[in-house]
């Protein structure tokens with residue numbers, strides 16, 4: 001089962017992760033396809049931002065394939081999907097092509113958007129503590145307000161749970 005959504009703490013300042021019932025601050029990130037993604041330009045009824053640790057790793061590939069396989073259903077529900085990680089655009093372009101993703105991947109190499117959403121965490125990798133992205137998904141509405149978030153996501157069943165939520169919006 002997917003991770004449980006968290007209650008939203010109040011937003012206190014511009015450096016704290018933005019959660020709650022306020023619109024997410026506008027941001028831009030380099031995107032696959034040679035474009036730049038700007039949050040304020042996204043006009044879908046729902047926006048799915050899924051943050052994942054690294055291109056071409058087992059869990060991230062499985063999660064991406066889940067979003068790929070249900071992409072048509074997300075589109076019918078009025079949602080746009082974007083994957084976000086710290087990988088470079090070059091890495092993203094290769095990953096997207098290899099996996100035939102029909103959605104764009106966004107590159108956050110400087111971690112500004114990852115920090116905005118509070119997804120950078122200390123993780124245990126092979127007995128060592130390292131900074132990395134905690135697998136997380138956010139659904140934003142047309143007004144860029146976070147309607148639901150999932151943290152510490154377990155991949156099996158997660159994409160379907162997100163789709164079910166989007167359909168119920």
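Within segment 47-56, identify whether any single residue is more than 14 Å from residue 142 (Cα to Cα), part of a loop (DSSP other than H, G, I, E, B), in contact with a strand residue (DSSP E or B) (Cβ under 6 Å, 6 or more places away or on another chain) and at pLDDT 60 or above, and answer yes or no. Within segment 47-56, one or more residues are more than 14 Å from residue 142 (Cα to Cα), part of a loop (DSSP other than H, G, I, E, B), in contact with a strand residue (DSSP E or B) (Cβ under 6 Å, 6 or more places away or on another chain) and at pLDDT 60 or above.
Against the numbered list (1) on the phi > 0 side of the Ramachandran plot; (2) part of a helix (DSSP H, G or I), residue 118 comes up short only at (2).
Here is a yes/no grid of residues against (1) in a helix (DSSP H, G or I); (2) under 16 Å from residue 50 (Cβ atoms):
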{"position": "110", "(1), (2)": "no, no"}
{"position": "132", "(1), (2)": "no, yes"}
{"position": "138", "(1), (2)": "no, yes"}
{"position": "163", "(1), (2)": "yes, yes"}
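Residues in segment 77-106 that are closer than 11 Å to residue 55 by Cα and touching a residue at least 60 places away in the same chain (Cβ under 8 Å): 92, 93, 96, 105. When segment 21-46 is filtered for residues that are surrounded by 13 or more Cβ atoms within 10 Å (Cβ to Cβ) and part of a helix (DSSP H, G or I), only 39 remains. The residues listed here are 102, 156; of these, the one that is modelled with pLDDT of 95 or more, touching a helix residue (DSSP H, G or I) at 6+ places or on another chain (Cβ under 9 Å), in a loop (DSSP other than H, G, I, E, B) and surrounded by fewer than 18 Cβ atoms within 10 Å (Cβ to Cβ) is 102. Residue count for segment 60-96 under the criterion of being in a helix (DSSP H, G or I) and either modelled with pLDDT of 95 or more or buried (at least 17 other Cβ atoms within 10 Å of the Cβ) (or both): the result is 23.
Considering every residue within segment 9-20, establish whether at least one is surrounded by 15 or more Cβ atoms within 10 Å (Cβ to Cβ) and modelled with pLDDT of 95 or more. Among the residues of segment 9-20, not one is surrounded by 15 or more Cβ atoms within 10 Å (Cβ to Cβ) and modelled with pLDDT of 95 or more, which makes the answer no.
Among the residues of segment 111-169, just one is in contact with a strand residue (DSSP E or B) (Cβ under 6 Å, 6 or more places away or on another chain), without any contact (Cβ under 8 Å) to a residue 40 or more places away in the chain and under 16 Å from residue 80 (Cα atoms), namely 165.
The values are calculated or read from the model by the stated rules, or taken from the named source; none is laboratory data. Given the structure is predicted, the values throughout are model-derived calculations rather than measurements. Glycine gets a Cβ as well: all are built from the backbone with ideal geometry, and neighbour counts include every protein chain shown.
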